[in-house]
Amino acid sequence: MSETILILGGSFAGISAAHYALKHVIPQLPKKEGVTYNVTIVNPSKDLYWRIAAPRACVSKQLMPADKIFYPIEPAFTYASSTFKFVQGSATHVDSAGQTVSVTTVGGEQQSIPYSALVVATGFTTPSPLFTQTTNAAALESTYDVFQQSLKNAKTVVVGGGGPVGVETAGEVAEILNGKPGFMASAPKNPKAKVTLICGDKKLLPVLRESIAKTAQQFLQRLGCDVTYNTKVVSATKVGDQEGAKTRVELSNGETIEADIYIDATGTRPNTSFLPKEWLDNRNRLACNPQTLRVEHSSASRIYTVGDVGSYTRGGVIDIYSAVPVAMTNLKNDLIAHITGEAHKGDRHHTPDLKEQQICPIGTQKGVGAFAGYRVPSQMVWLIKGRDYLIANLAEGIMRGDQFKKEGKWTPIQQAGKAGLSSG
Ligand SMILES: Cc1cc2nc3c(=O)[nH]c(=O)nc-3n(C[C@H](O)[C@H](O)[C@H](O)COP(=O)(O)OP(=O)(O)OC[C@H]3O[C@@H](n4cnc5c(N)ncnc54)[C@H](O)[C@@H]3O)c2cc1C
């Protein structure tokens, strides 16, 4: 019999959780006659999508080719070929009483996968198809082809959303259409297109301080992108269905823009529709204990969450690095206590890093950001992220699980209401 640690989602969080489970959970589970353990990932695509690079990948496959944004998942686990399984498909239902997940595979087959412990890492979907891989790499590449074709004749582009995705995308779109400005230029000489970024707030980039947000606006202006503040996109409607049809963008300030292209970068939608409604918080994220990352609803047993689908996080890859060891250690200790009937070894706790932290390229030359509360100069932003959207620094390492070579130090915290555990 093989017992399964089932991971739903094969992106930054799911792949990281799988590496941690293979390296530090399975080897420590009690050996039982006739019982083996495996780690199974379910994901709609066989490739991880480097969505961090989406703002550049969507505008140009020369600047950001497919082999830089898609990374095959299964080959990353050849070191554990007897204990790792990959199922290309989507979870459609969780039966927590029966401890099974229903999955529709890419071929349309229905499967029911039993689990001993479940990790939900299904992340989020974006309103624009430019920033989400919904099925596979080929489908997203063809979305990019169509978008890049439409960009060629675009004279008016509207981007909705003043967060990092909106700012980065507006910068890439403006630069590809209007070109790179001269060294000292504050705006392009002969802009080909009018690019407008609609920001619902009084400043861009909510995580960063006002002075950094102002610099972001100046860098956008240099590329020919204007920012409209304190304004929301009320509706965006295609005018006709012929190729090249314009989009009528209605704004909360009463203005209407007839745009050749409208890009919706206004937030994210958690992928939780397959989960019981009573497990979700008021933002439709999977509600968990923010310290243990365990789902604590009375009907959920040995269910954990990592990544942007979870209620515990403000999102981002760095937070995943710190969350994975916590969720997977708690999963391990819960499983050991369940299998052996021995006292629980205590919980590992997650502490969110809430420092001012965000790196935001604006076109291929400039950018703004802060790291650990310190402002990062534009040249450093370029070096860290702007030149290739973190691919050289992070992509191969994430696929190999480099961050989780070691289990990491932690002090067991006694579970509330349970005696006999060593406390911190
Ligand atoms: C344009 C853009 C730029 C970004 N830039 C940065 C950045 O510079 N730095 C940073 O830290 N963060 C950045 N982020 C945020 C970062 O992408 C997220 O933090 C990260 O993707 C979260 O990873 P995840 O694994 O939790 O979820 P996701 O990346 O959303 O992955 C979820 C996975 O689950 C799969 N899935 C969904 N539903 C199911 C289902 N029912 N069954 C099975 N699988 C399912 C999805 O197909 C996907 O593969 C950016 C986001 C965007 C959109």
Query raised in the report: For residue 47, are the conditions met, namely being within 16 Å of the ligand (Cβ to nearest atom), over 24 Å from residue 178 (Cβ atoms) and out of contact with any Leu (no Cβ under 9 Å at 6 or more places or on another chain)?
Result: yes
Query - Selection count where residues are more than 16 Å from the ligand (Cβ to nearest atom) and either without any contact (Cβ under 8 Å) to a residue 60 or more places away in the chain or within 16 Å of the chain's Cα centre (by Cα) (or both), scope region 8-32 - result: 3
Query raised in the report: Within region 52-81, restricting attention to residues that are closer than 30 Å to residue 176 by Cβ and of a type in the set (S, T, N, Q), which residue is most open to solvent (accessible area, probe 1.4 Å)?
Result: 62
Report task. Could you please let me know if residue 376 is within 13 Å of the ligand (Cβ to nearest atom), under 23 Å from residue 7 (Cβ atoms) and surrounded by 16 or more Cβ atoms within 10 Å (Cβ to Cβ)? Result -> no
Report task. Tell me, yes or no, whether region 241-253 has at least one residue that is closer than 29 Å to residue 144 by Cα and touching a Lys or Arg at 6+ places or on another chain (Cβ under 6 Å). Result -> yes
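Which residues, counting only those in region 86-101, are buried (at least 17 other Cβ atoms within 10 Å of the Cβ) and either in contact (Cβ under 8 Å) with a residue 40 or more places away in the chain or in a loop (DSSP other than H, G, I, E, B) (or both)?
Within region 86-101, 86, 87, 88, 89, 90, 91, 94, 96, 99, 101 qualify.
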**Report entry** Flag if residue 49 is open to solvent by 20 Å² or more (accessible area, probe 1.4 Å) and among the hydroxyl-bearing types (Ser, Thr, Tyr)
**Finding:** no
Query raised in the report: Looking at 104, 4, 78, which one is within 24 Å of residue 325 (Cα to Cα) and in a strand (DSSP E or B)?
Result: 4
Query raised in the report: Among the residues of region 257-288, which ones are part of a strand (DSSP E or B), open to solvent by less than 70 Å² (accessible area, probe 1.4 Å) and more than 16 Å from the ligand (Cβ to nearest atom)?
Result: 257, 259, 261, 262
Report summary line: Checked against (1) away from the ligand (no atom under 16 Å from the Cβ); (2) at pLDDT 95 or above, residue 35 satisfies every condition except (2)
Report summary line: Only one of (1) at positive phi; (2) in contact (Cβ under 8 Å) with a residue 40 or more places away in the chain does not apply to residue 372, and that is (2)
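Please return the ranges of strands (runs of 3 or more DSSP E) entirely within region 107-170 where 3 or more residues are in the same structural domain as residue 283 (by TED's automatic domain parsing) and within 30 Å of residue 302 (Cβ to Cβ).
Ranges flagged: 110-114, 117-120.
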Report task. Kindly indicate the residue of region 304-322 that is farther than 22 Å from residue 389 by Cβ and outside any loop (DSSP other than H, G, I, E, B) and also farthest from the ligand (Cβ to nearest atom) among those meeting that condition. Result -> 304
Query - Hits in region 112-140 (condition: touching a strand residue (DSSP E or B) at 6+ places or on another chain (Cβ under 8 Å) and away from the ligand (no atom under 12 Å from the Cβ)) - result: 112, 114, 115, 116, 117
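The values are calculated or read from the model by the stated rules, or taken from the named source; none is laboratory data. None of the values given here were measured: they were computed from a predicted structure. Because the Cβ atoms are built from the backbone with ideal geometry, glycine has one as well, and the counts that use them run over all protein chains shown. What goes into the accessible areas is simple: the full protein's heavy atoms, side chains included, and nothing from ligands, DNA or RNA. Shrake-Rupley method; radii C 1.70, N 1.55, O 1.52, S 1.80 Å.
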